[in-house]
Structures are given as C-alpha cells and as structure tokens.
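Here the structure is laid out as structure tokens; the discussion comes afterwards.
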Amino acid sequence: MVAKNSTMLALGTKAPDFSLPDFNGKVHHLSDFKSAKGLIIAFICNHCPFVKHVRGEFAKFARDYQSKDIAVVAINSNDIQSYPQDGPAGMKEESQSAGYIFPYLLDETQAIAQAYRAACTPDFYLFDGNFLLIYRGQFDSSRPGNGQPVTGADLRAATDALLSGSTLNADQLPSIGCNIKWRSGNQPDYA
C-alpha cells in the first residue's frame, strides 16, 4: 500500500460549489448546507485501508457533531470503471455497514475532487459557516498498523475551535491515505 499526502489546499479558500448524486441518485448541492455552523467534506472510498481504519470513528464523529449543527458530507471520486466496488451499490453497502448518517456522494467526473485539490482517501476539509476553509488535514495520527488509537483528535479539535469561536492553529498536518484512483488521462498535475 503506497501512501499519498493531501495537498493542503490554502486556508481561507472558498468551498468550490458542487451538485452531486448520492448512491440512491438524489442530488445534493453545496448550498444545501448554508445554514450549518460548519461543513466537513471528506473524500473517501469503499476499499481504501486508510478509510476502513477510520470509518467507525468518522461515523461517530459525524453523529457527535451533526447534533451541534456541523454538516458532514463524504465524496467518492474514484474511477468506478476500474474500481467497480466504489460504485453506487458499494457506496450504499459501505454507508450502511459503517453507520454513515451523512450524504455519501459520487463524483463520477472527478471534477469536484480536482476543484478541492483532493489527492488521497481519506482527505478532510472543514469550512466555516461562510464556506471558507479553516482546516484541512488528518483525522488524527492513527494509521493502519501504527498502534495509535483512532480518535479523530485533529478534526475534533478544529471543529471544537470553530464552535467555540477560538482561533485555529494554521500548522496542520496533512491527511495520508491511498491516492484517488483517477481515470486514465484525468490525473491532475498536483496528484
């Protein structure tokens, strides 16, 4: 398994707009989350061992923070022709199995991943209520096989700071995971 770091999109970046279907075909838009105090966007997929490593705690994170008016959305941008297990049927199964209570969206064209400069799964972004990026990076320091517990400490600290009005530390650590599986000829120059 080859690990890839996230690109660390510039803080203050406005969330790129999206209109993407979930695994049932219902289309979700960035504007659907405009009334939330913050928005977590996570680029994930079904088969990545790094995602599987954090998925239970990420599902718990979503349950904890959605009750505090933080919206959570997951986006799968993998090439589903080459990785059919990451298609809608697999996404539905993964969502149910992991206990996801948030929209899990398919970015089949990979345009949204490119707009966010997403590079790996998982890749986490936290936007404030104005859709400005205030955190991007790792869920926590746990990785498959490193023996550290999965807690979501980094993303929780950033989200708690947003909710309390505290200043976030700009020294943030990149997420690490599997590279997004780009379609042939579609790999961006940053990946």
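Only the coordinates and a few stated rules stand behind these numbers; no lab work does. Being a predicted model, the structure only gives us computed values, none of them experimental. No Cβ is skipped: glycine too gets one built from the backbone with ideal geometry, and neighbour counts run over all protein chains shown.
Structure notes:
- Antiparallel bridges, percent of DSSP beta bridges restricted to the stretch 4-179 (to nearest 5): 70 percent
- Think of the stretch 1-55 as having a plus end and a minus end, set by charges on the Cβ of Lys, Arg, Asp and Glu; of Ala15, Gly25, Leu39, Leu39 sits farthest toward the positive end of this dipole.
- Angstrom value of the Kirkwood radius, inverse mean 1/r, which spans all Cα pairs in the stretch 4-179: 15.9 Å
- Distance violations [Cα-Cα > 29 Å] among Lys68/Lys181; Lys4/Lys26; Lys34/Lys92: Lys68/Lys181; Lys4/Lys26
- Pairwise FRET efficiency - Glu93 versus Leu132, Cβ, R0 = 35 Å, nearest 0.05: 0.50
- Residue of Phe23, Phe127, Phe43 that the Gaussian network model of the chain assigns the largest fluctuation, springs spanning Cα pairs under 10 Å: Phe23
- Taking the stretch 4-179 and dividing mean pair separation by its residue count, relative contact order in percent (alpha carbons under 8 Å, at least six apart): 33 percent
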